[in-house]
1. What's the number of the condition PHE245 fails, among (1) assigned to a loop (DSSP other than H, G, I, E, B); (2) surrounded by fewer than 15 Cβ atoms within 10 Å (Cβ to Cβ); (3) modelled with pLDDT under 95; (4) not basic (Lys, Arg)?
2. When region 143-186 is examined, which residues are found to be of a type in the set (A, V, I, L, M) and outside any strand (DSSP E or B)?
3. Would it be correct to say that SER63 is buried (at least 21 other Cβ atoms within 10 Å of the Cβ), under 16 Å from the mean Cα position of the chain (by Cα), touching a residue at least 12 places away in the same chain (Cβ under 8 Å) and over 26 Å from CYS175 (Cα atoms)?
4. Give me the residue from region 187-228 that is of a type in the set (Phe, Trp, Tyr) and in a helix (DSSP H, G or I) and, out of that set, nearest to LYS91 (Cα to Cα).
5. Based on this model, can you work out whether HIS144 counts as over 16 Å from LEU206 (Cβ atoms), in contact (Cβ under 8 Å) with a residue 24 or more places away in the chain and more than 13 Å from the chain's Cα centre (by Cα)?
6. Evaluate region 91-106: report whether one residue or more is of a type in the set (S, T, N, Q), surrounded by 20 or more Cβ atoms within 10 Å (Cβ to Cβ) and under 23 Å from PRO181 (Cα atoms).
7. Report, by residue number, each residue of region 17-49 that is loosely packed, with under 13 Cβ neighbours inside 10 Å, farther than 25 Å from VAL211 by Cα and free of Cβ contacts under 8 Å to residues at least 24 places away in the same chain.
8. Suppose we keep only residues that are in contact with a His (Cβ under 9 Å, 6 or more places away or on another chain) and among the charged types (D, E, K, R) within region 175-212. Which one would you say is surrounded by the fewest Cβ atoms within 10 Å (Cβ to Cβ)?
Amino acid sequence: MCNRYSISTSPFELANRYQASLFGDAGAYGDPANDVFPGSIAPAVMSSAQGQRELRPMQFSFSPPGCPTPSDPKRPLNNARIESAGKWPWKDAFRETRCVLPLNSFREPCYWGPTAGSEVSFQRPKGDLLHVAGIYRVWKSPDHRHEQHTMAFLMRPASTYVMEHGHHRQPLFLCDEGIDPWTAPTKRSTAEMLDLLHRYAENPELTYHHVRDMAPSWVKRKATKIRDRDKQRSELGQIGFPFAF
């Protein structure tokens, strides 16, 4: 799970970096000084119907079809496992409405390795932007008077570096060349999109810094997290492609 990340780059800088038109007022994108949590508003790169890049504010919590509110506070859907991307509630967005979520760092709890018992922040060594493959859906109120773009990260099995530092999942990152193919406003099959991700997925060089020690109760979760890690390793060994990025 990735439930906290930072994007300190301003909307104006992001629009320039991605060569995207800036939708709305910069104040609509949230405060760059604050971390992004489920339910927060954060910038996202998407394509218009004409295929032009747009930077839009989106809610970091996906609103599934039929949801009467922009998000369910009891069960925020902010992480879509790549293994389940072709299933409800993600499948239509995975095939039709895709976006890129820029971030400077993402934060994870660590349960083994040298960082066990701590929360760490992962980022590129020089702090450059990371591009997360995302999916989005536009929530509309029952009376159609209000709407909200809502999004979720695609999550994949962790890279060697993240795995060695105590966590078995991470966001799925794209290289620069993959931004336009991924966000293209074209309906494609699940198989086509998985193939596209394999062509453009990036394993960026990462570093980390210690944010804080977790409460002592983390040791009660350790065995479960290690079981989840080992189960994932076993499944990847059996199925390999298309989920072993």
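The values are calculated or read from the model by the stated rules, or taken from the named source; none is laboratory data. What you see is a predicted model; the values in this text were computed from it and never measured. Ideal geometry is used to build each Cβ from the backbone, glycine not excepted, and the neighbour counts take in all protein chains shown.
1. The failed condition is (2).
2. ALA158, VAL162, MET163, LEU172, ILE179, ALA184
3. So SER63 passes the test.
4. Checking each candidate, the answer is TYR200.
5. No; evaluated as a whole, the condition is false for this residue.
6. no
7. Correct list: ASP25, GLY27.
8. My answer is ASP176.
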